[in-house]
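Data first, discussion second: the structure below is written as structure tokens.
The values are calculated or read from the model by the stated rules, or taken from the named source; none is laboratory data. Since this is a predicted model, take the numbers as computed values, not measurements. Note that each Cβ is placed from the backbone with ideal geometry, even for glycine, and that neighbours are counted across all protein chains shown. Ligands, DNA and RNA are stripped out before the accessible areas are found, and what is left, the full protein with its side chains, is counted by its heavy atoms. Shrake-Rupley method; radii C 1.70, N 1.55, O 1.52, S 1.80 Å.
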Amino acid sequence: MAENTVSCVSPAGGPIGVPSQASAQAPIEKEVLKMSAKVGKPAPDFEAKAFKDGDFKKVKVSDYKGQWVVLCFYPGDFTFV
Amino acid sequence: MEVLSISVDSQFSHKIWQEEELSKMLPGGVPYPMLSDSGGMIGSAYGVYDEEAGVNIRGRFIIDPDGIIQAMEILTPPVGRNVDELFRQVLAFQHVRATGEVMPSGWQPGKPTLKPSKDLVGKVWQVWKPEMSKLI
């Protein structure tokens, strides 16, 4: 969980170990990327910029090996539900 | 158990949401890391990124200590989630991992579990009734 320097533009996080979508992948490879989360299978690893403990940090889901993790996606900050 | 929340918002937006709104709902704000998925690449990997809307829909994944996804629940945006059901599932999966026992439909912590064996085949009716699921 490295410190993340605060700057206006920095690389977004993303899945680890899969080809970047930005690097002109064939559509079929994008499909594979979309479908990679399945129950009973390893959670796709990723690195993301985060607001954590009052600071900006980078977080990998694999940092939490050995613990139970609940990963919650939601549409957006300041939405209503 | 560690919770990680994640949306396409920046970490800066998360900071202000925490400080300006969430901390007024919950003293001290939410205690878990708030992750940024700019561009939706992580959501795409988990099958929850809506390309038309440009956001991640409500997907919740329970990941065990070996990094294996044990459960997922995906809802469209208007309906919020049920935290009691989340805890029930986490407790159930922790119990399975600790004991090898299995949880029948509607299982709640402290309620009977089942121990799979050849003697239980065809005999589940003796130890489990539909009313135990609370659905009937």
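Across region B:73-86, coupling constants 3J(HN,Hα) worked out from phi with the 6.51/-1.76/1.60 Karplus curve, θ = phi - 60°, read 9, 10, 10, 6, x, x, 10, x, 9, 10, 5, 4, 5, 4 Hz, and Gly and Pro carry x. Peptide B:48-54 has a mean shielding of 2, counted as Cβ atoms of other protein chains within 10 Å of each residue's Cβ.
Residue B:11 sits among other residues whose Cβ lies under 10 Å from its own Cβ, and their net charge, with Lys and Arg +1 and Asp and Glu -1, is +3.
In this structure the amide hydrogen of residue A:68, modeled in the peptide plane, comes within under 5 Å of the amide hydrogens of B:2, none closer than 5 places in sequence on its chain. The H on the amide N of residue A:43, modeled in the peptide plane, is under 5 Å from the matching H of B:68, B:69, each at least 5 residues off or on a different chain.
Model label sites at residue B:87 and residue A:39, defined 7 Å from Cα along the beta-carbon direction, differ in position by 2.2 nm. With contacts taken as Cα pairs under 8 Å at a separation of at least 6 residues, chain B carries a relative contact order of 14 percent.
Extents of the protein assembly as shown, largest first, come to 64, 46, 32 Å (Cα atoms, principal axes, whole angstrom).
The 3J(HN,Hα) values that the Karplus relation (6.51, -1.76, 1.60; θ = phi - 60°) gives for region A:51-56 are, in residue order, 9, 9, 6, x, 9, 9 Hz. Gly and Pro appear as x. Calculated on C-alpha atoms, the gyration radius of region B:82-136 divided by its Kirkwood radius gives an Rg/Rh of 0.99.
Scanning residues 5 or more positions from residue B:50 or on other chains, those with amide H under 5 Å from its amide H are B:55, B:56, B:57, with H placed 1.01 Å from N in the peptide plane.
Residues in chain B average 55 Å² of solvent-accessible surface per residue, probe 1.4 Å, ligands and nucleic acids excluded. Inter-label distance, residue A:55 to residue B:97: 2.7 nm, where each label sits 7 Å from its Cα along the C-beta direction.
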